[in-house]
Amino acid sequence: MSEAEPRLKALMVAALGGDQSAYRALLAALAPHLRAYFGRRIGPADAEDLVQETLIAIHTKRATYDPRLPFTAWLHAIARYKLIDHFRRMKLRRTLPIEDAQSVVAESDDESVAAHRDVERLLAMLPQKKRDLVRHVKIEGLSTAEAAQRSGLSESAVKVGVHRALKALSAMIGRDA
Amino acid sequence: MKTDALIDTLAERAAPVGAGRAARILALGAGGGALVSFVAMVLWLGIRPDMAEAMATSAYWMKFFYTLLFAVAGFWTIERLARPGTSSRTQMTLEALPFAGVALVALVRLALVPAAMRMPMAMGHSAHVCPWRIVILALPVFAGTFWALRKLAPTRPAISGLAAGLAAGALGAFIYAFHCDESAAAFVALWYTLGIGLVGLAGALLGRLLLRW
């Protein structure tokens, strides 16, 4: 469960009760998350339109949120739907990878885009196998078991590989600085 | 519009939303449609004249429960599909159970009668009209359910349309059962299911077009 979940959920529940300031705080908190989520996937130019569309959808469809369920999952499904809808309108046939619902609150704003570039640059310095492991487990968020299946290694080999790769990465960062 | 201005505008409209709002919209759409269907059935076909005697037979209750349980599971599935970020796998599985039940009864009964009886049993005397009447009686429920879904937030248009069609078809079949005097399980398993399936197919096709938001 992300740190954002309890805070956002509390705001949403208050907003559904008619609390305007909680609702404003919720939407204001969501905007940068959504901007980062869409920005990473379609570029910052079109992202703002989707941010607004998603905020409007959150508003008009808010009766479909069931407070017994995680808010993040609801939010993510709406953002993802708007993203797919965007691709459809652009006449692009794109398959979106299955994502973890946390991905919609995992990042915030433009800093993450720069950070993303830095990570890619560092990863490029690792050998192919280690790079893939880190990418699977730490960036795409696969479980150790899934990564093991994909790379054909045992689960413990994956754990050790990721550990060593991260160690190598932190050594590189040290050398850079 | 700037996003900050949009947030201000939306925040001013934070009218309270009751917990049951989504379910009420769905109940209104499906219930309103079912009412229209029922009146249409009474005026067009009429309730079977031997209703009182029929209610003493297991065949009557089989049709009743098959279609009613199918409809209940169907609308439960829709209630899940209409909410982003929820899973509806359990409900979809439940939807298959009433059919499995009636199909099993049908196979056992068919196996127990002489071969020459099987065809008349499966065809009854109304096989050529039954599925179409179910489709027609399902239309008001179908329209009401789609109206409700468009107010809610189905993120999977084709699947949601299919579910809406199956649920509307099952409810239409339930209403048709007040008129229909067929009693063989094989008849119900074939022709009721065909009618329901046709509405489901129409739902899947229309869902892609109509369930966008």
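Brief remarks follow.
- Restricting segment A:46-73 to residues that are polar (S, T, N, Q) and facing another protein chain (nearest Cβ under 7 Å), the residue that is nearest to A:ALA10 (Cα to Cα): A:THR64
- Exclusive hit being outside any loop (DSSP other than H, G, I, E, B) and surrounded by fewer than 24 Cβ atoms within 10 Å (Cβ to Cβ), set B:ILE196, B:ILE159, B:ILE175: B:ILE159
- Exclusive hit being within 17 Å of the chain's Cα centre (by Cα), of a type in the set (Gly, Ala, Ser) and within 26 Å of B:MET117 (Cα to Cα), set B:ALA202, B:ALA173, B:ALA186: B:ALA173
- Screening segment B:1-120 for helices (runs of 4 or more DSSP H) wholly inside it with 3 or more residues that are free of Cβ contacts under 8 Å to residues at least 12 places away in the same chain and surrounded by 16 or more Cβ atoms within 10 Å (Cβ to Cβ) returns the ranges B:3-12.
- Verdict on A:LYS91 being part of a loop (DSSP other than H, G, I, E, B) and not acidic (Asp, Glu): yes
- Exclusive hit being modelled with pLDDT of 95 or more and either in contact with a strand residue (DSSP E or B) (Cβ under 8 Å, 6 or more places away or on another chain) or surrounded by 14 or more Cβ atoms within 10 Å (Cβ to Cβ) (or both), set A:ALA77, A:ALA106: A:ALA77
- For segment B:22-52, filtered to residues that are closer than 14 Å to B:ILE78 by Cα and among the hydrophobic types (A, V, I, L, M, F, W, C), the residue that is farthest from the other protein chains (Cβ to nearest Cβ) is B:ALA30.
- Checked against the criterion of being in contact with a Lys or Arg (Cβ under 7 Å, 6 or more places away or on another chain) and more than 9 Å from every other protein chain (Cβ to nearest Cβ), segment A:29-38 contains not a single residue that satisfies it.
- Selection within segment B:53-88: residues that are among the aromatic types (Phe, Trp, Tyr) and more than 14 Å from chain A (Cβ to nearest Cβ). The member of this set that is nearest to A:LEU83 (Cα to Cα) is B:PHE75.
- Scan of segment B:5-18 for residues that are more than 7 Å from chain A (Cβ to nearest Cβ) and hydrophobic (A, V, I, L, M, F, W, C), ordered by number: B:ALA5
- The single condition from (1) over 15 Å from A:ILE78 (Cβ atoms); (2) surrounded by 18 or more Cβ atoms within 10 Å (Cβ to Cβ); (3) out of contact with any His (no Cβ under 9 Å at 6 or more places or on another chain); (4) more than 10 Å from chain B (Cβ to nearest Cβ) that A:GLU5 fails is (2).
The values are calculated or read from the model by the stated rules, or taken from the named source; none is laboratory data. The structure presented is a predicted model; accordingly, all values stated were derived computationally and were not measured. Positions of Cβ are backbone-derived with ideal geometry, glycine not excepted, and every protein chain shown enters the neighbour counts.
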